[in-house]
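S.K.: My structure is below; once you've seen it, I'll send some questions.
The values are calculated or read from the model by the stated rules, or taken from the named source; none is laboratory data. Here the structure is a predicted model, which means the values were calculated and not measured. Reconstructed Cβ throughout: ideal geometry from the backbone, glycine too, with neighbour counts over all protein chains shown.
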Amino acid sequence: MSCQLFIRRRTLILTALILVCGWAQAQYNLNDKMPLNPQVHVGKLPNGLTYYIKTNKKPEQKVELRLVVNAGSICEDPDQLGLAHMAEHMAFNGTKNFKKNDIVSFLQEIGVGFGNDLNAYTSFDETVYILPIPTDKPDNLEKGFRVLEDWAHNVTYNDDDIDGERPIILEESRLGKGAGERMFNKILPKLLKGSLYAERLPIGKDSIIKTFKYDVLRRFYRDWYRPDLMAVIVVGDISVEDAEAMVKKHFSGLTNPANERPRKYATVPPYDSSDAMIATDKEGVRYQINVDYPAYKHDPSVTYGDYRKDLTKNLFTTMLNRRLQELTQKENPPFVFASAEFGGFARGYENFGVSAGSGDKQPSIALKAAVEEVERVKKYGFTDAELDRAKKNMLASYERAYNDRDKTESSLYVDEYVRNFLDQEPSPGIEAEYYIVKNFVPSITLQEVNSEADKIRGKQNYFVSLRGPEKENFQLPTGPEMVNAVAAAEKSDLKPYEEKIVSSQLLKVKPQAGKVISKTVDAKSGSTELKLSNGISVTLKPTDFKNDQILMQGSRYGGISNYGLDDKYNANYAVNVVNAMGYGDFSPTDLQKALAGKTVSANASISGDKEGISGNSTVKDLETMFQLVYLKLTQPRKDTSLFRSFVQKNKSQFAMIGSNPQAAFIDTMFKVLYANNPLAPIAVPKSDFFDKINVDRAMQIYKERLGDLSGMQFVIVGSFKTDSIVPLIETYIASLPTTNKKFNYVDQKVRPVTGKQNLNVYKGKEEKSLIISFYNGEVPYSEDLDLKAQAVTEVLNIRIIEELREKIQGIYGGGIRGGLEKTPYPNYQFVVQLPCGPEKVDTLLKAMAKEIEDIQKNGPSQKNLDKVKQQWHEAHKDEIKQNEAWLASLMDAKVDGGSLDRFVNYDQYVDKLTIKDVQDAAKMLLNSKNEFTAVMMPESYADAAKATSTANRPNKVIQTIVISQPEITVDLYDNAEVDGDQVTIYFNGEVVVSKKDLTDKPYTMKLKAEKGKNNELVMFAENLGSVPPNTAYMRVTADGKIYQVRVDADLKTNGSIRFHLK
């Protein structure tokens, strides 16, 4: 569940399958309305609800359901800010037919994961519920429609459920807090001046979420969740007749309110004058400058003429962005990145905007360069060669979608129909759309494309905004100076863009082909293994999962682990350095030009323990992919100017990264986790790393790791025929250089710290914390144990949702991940990540520890284990028919020695898992022998966290409680058995009660916290009672909340509670 802030208009979407004769020969009247795909059945119920239905068997036995509500945060009243998003959350908190959490539980039981499958989002103008349903069991679909119906009009909105969801919404809000949000909130009122959109961010206001009255939320649901504003979308393995019957059964009974409120659409007025604003923050990490031109009304694209204009506009922005990208590859580049687009916040409006990031460098230089490039286009336009390349790329992308028209997943269709309902985006189907594009694109003239610049010509007011770090002794441009810089671009003495002629021939000389010397067929996997004359092995797996997709990967052991400290940065960034300089005779820009119209890629990689190359292509571009692979493995290019550009951009990009609290926390955490081992993995790049790279040494390492392909294992999967691909393999793979050298990884003995250790880091202004716990150890690797380890994480993730999110209400998102690793030494690692408020840290740590203890002591419940198994079964149904999954599994088998049978017959291995298997794995792997927990706390907590002592005994902090009001009430009891415990209580160093005997009757203390003090409540044990240690139960009431804390102390150590007064 989420709220979405920016919904950019996407008009050129590669869409669906239809079988319509005659499109190739069709003549298009530009004034005619584009038809909807005839294979999509669209209807409207008498109550006004619209529905879309399409039968699609990719994947089989699955149906994608969507409930689309044409209402979002823009519909909120002033007392409802954030309640459109709250209403979305409440749909998962109880309905007429499903009690709280029953929806999530039911869907988990049928294999639908919460968050990754089941989800929803709220934006300015819409709310969309996402529900994929496996249909292998007849009852699943009926229940799925019942869920969808309940979301539409049967959410219960119980008072307790509403109150229970408030903290979760606030945790989601907390995730977005930081320098970026603070700066954006300063700029937003001017950016959207005069528009309601400036006051209706979907996340809303925390103050309203905390205090709104229940009926204010119910009012939003009553007003806007109504059938005339809704669409139900059904796409998948179901007949149109059955789907339509389901829609009518479940949604015909919905009624519109008697006095329905009109669905009004907010306006975005043009700027009344040019203006600028600067927002800086001490936690900002880089400068970004934006120029927003005035918004204008943009009607939906419904005719062929509208669609042609959209294609023209897309060509314009594509070429402009290419030019901006070229500027980033100059020595001393004016900006780290830049982009331009026609888009907008508001439905029905569009505006042109350009954005540039300058890292830690002067943003006025970035602004000048970006707006001058826009001005260059306005003055001189684009070149014929640029337009030709853009057209080729556009046609190639549509061609690939067309070729896979009968292999398109249902989820892609659904998204398209959502946009059709909300924005009237054309949806003719990919067969029709492909022929429309083939008809229109060649006829679009350079003059038409250049005329798109007319939208930003003439006297127009604009808004310039600058966001970035607050740096000492650094002069930023003023607002007037930024406004004048945009105006000055029109008067700049600019020269036309110079087109460089680039060869389209990647290789000057065709390689001397090698030979296939043996061929082995594996009937079980449907693959063929080739042994080549140069010693390389190639495994081929032809598939029909897609019609126009070929994936390739080559890999072997080796990698960065072969290099010591002197080469740490040369090795880590070798591939990045070479990519920045190019290959053969091609700079990166030239290579893009040479590949115009080709749907192809190839990317080299050097990781910690492996090295290799991966690629993909369409059927017609397969030879180009092989040529690109050969080029990148054999001809890295040295260009000192582009190398300096690479260094300068990265130094600038990461110069201020330490200002980000979370980056600083992660950096510190990894240093402590690996005991400051200089060979530990790079967690946070730093500016000075790039000064330590030597271009010649980086290139040498690239050649050492990838210039000799001895022992490399290639796997190729996809839509090819074995016989036809062999000649290409002989030409471009069998010709790669080899020496029979043995390559392997090196265990550099980099290990996490051992034992149980804790780290607190105090960073950030916001009341925002992050818990990260690592469980590490060495254990013999086995695929069986790894599967059990994965089951441990998945079961725990269910419990994290149930307990830490829903019951404790301490997190919005979080979880545990991890498993076993074979290299560079057999080991396991699990990582728990829990973003939260500082007041919940102690509670969550205890809750997580309890969940781990429970799974070790009792194992998972059969119900939860069955949920995990079912989700895995459903995922495997899709993966077994995906080229990506086959590529990964075959690579694992060939390089890592994994069992392909565990992929092919995955369901059998999953079904064998027992409660005891998971329990034993949890005992072995989460045994706390090596547990490292790092906690980020706000910097305001640093003083309070300092070690203190009372009456010559150190104080052990049991819990920190964050409060906004100073009044505190504490009821003091003996814990459990009354055994003669006697204590003295101190608050801020003063005795509150002396030598008090603890009983089962409360002793009440009224306290008052003070700002600037530790506000520490300390329990000093006068004795140990008959059952040591001395333990008290304290019932703390503060801010209207009740906290139950058990405090223990002995004759050496005091127990304490700290109160942080905000």
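S.K.: Scan region 440-450 and give yes if some residue there is not polar (S, T, N, Q) and not in a helix (DSSP H, G or I), otherwise no.
M.R.: yes
For (1) farther than 21 Å from residue 953 by Cα; (2) modelled with pLDDT under 85, each residue gets a yes or a no:
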position: 975; (1), (2): yes, yes
position: 989; (1), (2): no, no
position: 993; (1), (2): no, no
position: 1013; (1), (2): no, yes
position: 1022; (1), (2): no, no
position: 1034; (1), (2): no, no
position: 1037; (1), (2): yes, no
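S.K.: Let me ask something else about it. Which of the following residues is of a type outside the set (Val, Ile, Thr), farther than 17 Å from residue 469 by Cβ, touching a residue at least 12 places away in the same chain (Cβ under 8 Å) and outside the structural domain of residue 358 (by TED's automatic domain parsing): 703, 686, 671?
M.R.: 703
S.K.: Which count do you get for residues in region 283-322 that are part of a helix (DSSP H, G or I), over 28 Å from the mean Cα position of the chain (by Cα) and not hydrophobic (A, V, I, L, M, F, W, C)?
M.R.: Result for region 283-322: 9.
S.K.: For region 994-1053, list the strands (runs of 3 or more DSSP E) that sit wholly inside it and hold at least 1 residues that are surrounded by 20 or more Cβ atoms within 10 Å (Cβ to Cβ), touching a strand residue (DSSP E or B) at 6+ places or on another chain (Cβ under 8 Å) and not aromatic (Phe, Trp, Tyr); which are they?
M.R.: In region 994-1053, 1016-1021, 1030-1038, 1041-1049 are the strands (runs of 3 or more DSSP E) which contain 1 or more residues that are surrounded by 20 or more Cβ atoms within 10 Å (Cβ to Cβ), touching a strand residue (DSSP E or B) at 6+ places or on another chain (Cβ under 8 Å) and not aromatic (Phe, Trp, Tyr).
S.K.: How many of the residues making up region 886-933 are hydroxyl-bearing (Ser, Thr, Tyr), within 15 Å of residue 786 (Cβ to Cβ) and assigned to a loop (DSSP other than H, G, I, E, B)?
M.R.: Count: 1.
Rundown of residues vs (1) in a helix (DSSP H, G or I); (2) closer than 19 Å to residue 325 by Cα; (3) of a type in the set (Gly, Ala, Ser); (4) over 30 Å from the mean Cα position of the chain (by Cα), yes/no style:
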| position | (1), (2), (3), (4) |
| --- | --- |
| 354 | no, yes, no, no |
| 377 | yes, yes, no, yes |
| 401 | yes, no, yes, no |
| 427 | no, no, yes, no |
| 432 | yes, no, yes, yes |
| 435 | yes, no, no, yes |
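S.K.: Against the conditions (1) modelled with pLDDT of 95 or more; (2) surrounded by 18 or more Cβ atoms within 10 Å (Cβ to Cβ), where does residue 301 fall short? Just the number, please.
M.R.: Unmet condition: (1).
S.K.: Shifting gears a bit: So which of 382, 335 ends up being part of a loop (DSSP other than H, G, I, E, B), closer than 26 Å to residue 441 by Cα and among the aromatic types (Phe, Trp, Tyr)?
M.R.: 382
S.K.: Here is a further query. If we scan region 360-373, do we find a residue that is under 30 Å from residue 651 (Cα atoms), in contact (Cβ under 8 Å) with a residue 40 or more places away in the chain, in a helix (DSSP H, G or I) and of a type in the set (Val, Ile, Thr)?
M.R.: yes
S.K.: Got at least one residue in region 943-959 being buried (at least 18 other Cβ atoms within 10 Å of the Cβ), touching a Leu at 6+ places or on another chain (Cβ under 7 Å) and in a strand (DSSP E or B)?
M.R.: No: region 943-959 contains no residue that is buried (at least 18 other Cβ atoms within 10 Å of the Cβ), touching a Leu at 6+ places or on another chain (Cβ under 7 Å) and in a strand (DSSP E or B).
S.K.: For region 876-885, give me the residue count where each residue is assigned to a helix (DSSP H, G or I) and in contact (Cβ under 8 Å) with a residue 40 or more places away in the chain.
M.R.: Qualifying residue count for the region: 4.
S.K.: Filter region 745-786 for residues that are over 25 Å from residue 657 (Cβ atoms) and basic (Lys, Arg); which is surrounded by the most Cβ atoms within 10 Å (Cβ to Cβ)?
M.R.: Looking at the filtered set, the residue picked out is 751.
S.K.: What are the residues in region 465-502 that are in contact with a strand residue (DSSP E or B) (Cβ under 7 Å, 6 or more places away or on another chain) and without any contact (Cβ under 8 Å) to a residue 60 or more places away in the chain, if any?
M.R.: Within region 465-502, no residue meets the criteria.
Matching residues to (1) under 30 Å from residue 211 (Cα atoms); (2) of a type in the set (A, V, I, L, M, F, W, C); (3) crowded, with 22+ Cβ neighbours inside 10 Å:
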position	(1), (2), (3)
30	no, yes, no
45	no, yes, no
62	no, no, yes
76	yes, no, yes
91	yes, yes, yes
105	yes, no, no
111	no, no, yes
124	yes, yes, yes
138	no, no, no
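S.K.: Return the residues of region 603-636 that are in a loop (DSSP other than H, G, I, E, B) and either surrounded by 19 or more Cβ atoms within 10 Å (Cβ to Cβ) or in contact with a Pro (Cβ under 8 Å, 6 or more places away or on another chain) (or both); say none if nothing qualifies.
M.R.: Residues satisfying the conditions are 608, 609, 618, 621.
S.K.: Another one. So which helices (runs of 4 or more DSSP H) stay within region 149-257 end to end and still have 1 or more residues that are in contact (Cβ under 8 Å) with a residue 12 or more places away in the chain and of a type in the set (Phe, Trp, Tyr)?
M.R.: Those helices (runs of 4 or more DSSP H) span 179-191, 214-224, 240-251.
S.K.: Name every residue in region 911-942 that is among the hydroxyl-bearing types (Ser, Thr, Tyr) and either over 24 Å from residue 783 (Cβ atoms) or surrounded by 16 or more Cβ atoms within 10 Å (Cβ to Cβ) (or both), in order of residue number.
M.R.: 928, 933, 940, 941
S.K.: Which number in (1) in a loop (DSSP other than H, G, I, E, B); (2) out of contact with any Pro (no Cβ under 9 Å at 6 or more places or on another chain) marks the one condition that residue 111 misses?
M.R.: (2)
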